[in-house]
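Data block below; observations after.
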Amino acid sequence: MTATAPTRQRVRPDIVHIPDGFLDAKTALAAAALSCAGLSLAVREVQRRLPPARVPLLGLSTAFVFAAQMLNFPVAGGTSGHLLGAVLVTVLLGPAAAVLVMSAVLILQCLLFADGGLTALGANLFNMALVAPLVGHGVNRSVLRLWGTGLRTRLFAAAFAAWCATLAAAISCAGQLAMSGAAPWRATFPAMALIHMLIGAGEAVITALVLSGLARARPELLTSAAETPGGSRSFVALGLLGSIGLAVFVAPFACSWPDGLEKVAAVLGFEHQAAERPVLSAPLPDYTVPGLASQAWGTVIAGGVGTLAAFALTWWLARRLTRRQRGTV
């Protein structure tokens, strides 16, 4: 008789957040080592190149990505997806800053909400904080070099890069699952790639819409991060309020269908490998408040707390890095 872990209702599914239990030790450790090396290089690059005026924009980007990742949309076949946000941040702040932003979001999701396993944190960072921004940056730059830098080209380049980045992160995840023996590569690759081609289409549309809105409101933000200042205090304050609004007022109504990885795990039959309990006990597990009867209010509180924490963490870190930068000049 095969033992099956009890089904756990997840309040906010995510794209490729690997839970505890899916990866073996060697794969998890290798991914963690690569992620630490990549994050270290990104922090050094941000310290060297990020203009101090863009520090608030870094915090705002983290808050927006965190809030947007709570807003799942239906895809197909009872599967949902949401904005990853890696390319959006890469276009606005550059690839190194995007690595920092995505890392902050993923670490907060893991430690505060048990969203993604602690043992798989290195793999999740590698897929979504390294592979996605770097692939997206490379695709975006290649399209701009070939077709110019007009607004329509910029929007198309960012949308196509967002689709490619989502697909690349999913394929990387498929490789990690295959290396761990969860399912063979010939099964994980097509399953993860096909569903994330659809999720990536949603990522592309949302990325283009957000950048189109910014092009109208603050067109200077779409130029090189090294050449223009960041947003004004009022712009950052409004953006932060908008991000909190997304997490508080919209997230409770997001699609509750399983995400791409959950769907693939169910189809391929390895969902039972997920740990029955996360390795780390989070204070707001699955975006709920323990002891609070209303799940919707729990999501509201967790979303607001997470969005503010995302902004504060990245703003504080970026301030420290740019202070060191000024101190070395």
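Worth a mention:
- There is at least one residue in region 67-85 that is within 17 Å of F311 (Cα to Cα) and of a type in the set (S, T, N, Q).
- The number of residues in region 265-284 being of a type in the set (A, V, I, L, M), in a helix (DSSP H, G or I) and touching an Asp or Glu at 6+ places or on another chain (Cβ under 9 Å) comes to 1.
- Subset tally (residues that are among the aliphatic types (A, V, I, L, M) and either over 23 Å from G202 (Cα atoms) or touching a Ser or Thr at 6+ places or on another chain (Cβ under 6 Å) (or both)) for region 241-273: 5
- T119 meets all of the listed conditions (1) more than 11 Å from the chain's Cα centre (by Cα); (2) under 28 Å from S281 (Cα atoms); (3) part of a helix (DSSP H, G or I); (4) among the polar types (S, T, N, Q) but one, namely (3).
- Conditions (1) under 21 Å from the mean Cα position of the chain (by Cα); (2) part of a loop (DSSP other than H, G, I, E, B); number of the one not met by A293: (1)
- Residues that are without any contact (Cβ under 8 Å) to a residue 60 or more places away in the chain and not hydroxyl-bearing (S, T, Y) within region 278-297 comprise V289, P290, G291, L292, A293, A296, W297, listed in sequence order.
- The residues of region 60-80 that are part of a loop (DSSP other than H, G, I, E, B) and among the small types (G, A, S), listed by number, are G77, G78.
- Near pairs, Cβ below 6 angstrom, 6+ apart or cross-chain, from region 106-124 (under 17 Å from L84 (Cβ atoms) and of a type in the set (D, E, K, R)) to any residue that is modelled with pLDDT of 95 or more and crowded, with 23+ Cβ neighbours inside 10 Å: D115/Q109
- Options G230, G239; residue that is surrounded by 18 or more Cβ atoms within 10 Å (Cβ to Cβ), touching a Leu at 6+ places or on another chain (Cβ under 6 Å) and either modelled with pLDDT of 90 or more or over 25 Å from T322 (Cβ atoms) (or both): G239
- Verdict on R154 being modelled with pLDDT under 90 and over 21 Å from the mean Cα position of the chain (by Cα): no
The values are calculated or read from the model by the stated rules, or taken from the named source; none is laboratory data. Source: prediction; values computed, not measured. FYI the Cβ positions are ideal-geometry reconstructions off the backbone, even for glycines, and counts take in every protein chain you see.
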